[in-house]
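Take a look at the structure below.
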């Protein structure tokens, strides 16, 4: 991993404490790690993503401490990185986190200018905005990933999906958009204030309030809309 990625993960890992890992669930859409502090999510990568292979220690992951499990973000295997990120989010995105409930896209709808979105975010809040969407498999009118650098560097407002922490592209995307305002968006967004030092302005994430129900939703392949019943959307803003 390059220096930018190292710095990003070091920020996330430096405050993680030794906690008991109680559940690790890799679902079709989301991966969940639950500890004695809370539960965190990360987007489950597609099995055909380069580098994905079965988890070597499956069945024994709950024997690890949270500090050890979170270090899986250094893995070259996206599935292991996903588990590591969910572990990190179980630390930062817990019910003790005093952050107001809010929808990041509602905040973005107030921005006066063109918005570049890394990821497709269907939302009523962006219906009347000029939005440039970057996707791995773009639809008509969208842009492919090769256009990311040019579009982010030319945009003052950027919304970046939290799944980029799992696929390893978050650091470079943030560096390309840091001249303007950046929002990291999605249930897998770590609510870690240290990330503001990297040029991020908004962390729009998710806090699970009903852990047992969340485990069921994730294990049954639930999507974002299904998660809304087990937690709340929140936004952490830089000062």
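The values are calculated or read from the model by the stated rules, or taken from the named source; none is laboratory data. Source: prediction; values computed, not measured. Here the Cβ is made from the backbone with ideal geometry for all residues, glycine too, and neighbour counts use every protein chain on show.
Scanning region 44-76 for residues that are touching a helix residue (DSSP H, G or I) at 6+ places or on another chain (Cβ under 6 Å) and outside any loop (DSSP other than H, G, I, E, B) turns up 66, 69, 70, 72, 73.
Taking into account only those residues within region 54-73 that are at pLDDT below 95 and within 25 Å of residue 169 (Cα to Cα), which is surrounded by the most Cβ atoms within 10 Å (Cβ to Cβ)? By that ranking, first place goes to 55.
Among the residues of region 80-110, those identified as in a loop (DSSP other than H, G, I, E, B) and within 13 Å of residue 204 (Cβ to Cβ) are 93, 99, 100, 102, 103, 109. No other residue among 153, 178, 130 is over 20 Å from the mean Cα position of the chain (by Cα), surrounded by fewer than 19 Cβ atoms within 10 Å (Cβ to Cβ) and closer than 24 Å to residue 11 by Cβ apart from 153.
Only residues that are touching a residue at least 24 places away in the same chain (Cβ under 8 Å) and over 18 Å from residue 183 (Cα atoms) were counted across region 111-144, and they come to 0.
Filter region 134-160 down to residues that are touching a helix residue (DSSP H, G or I) at 6+ places or on another chain (Cβ under 9 Å) and closer than 22 Å to residue 85 by Cβ, then give me how many there are. Qualifying residue count for the region: 8.
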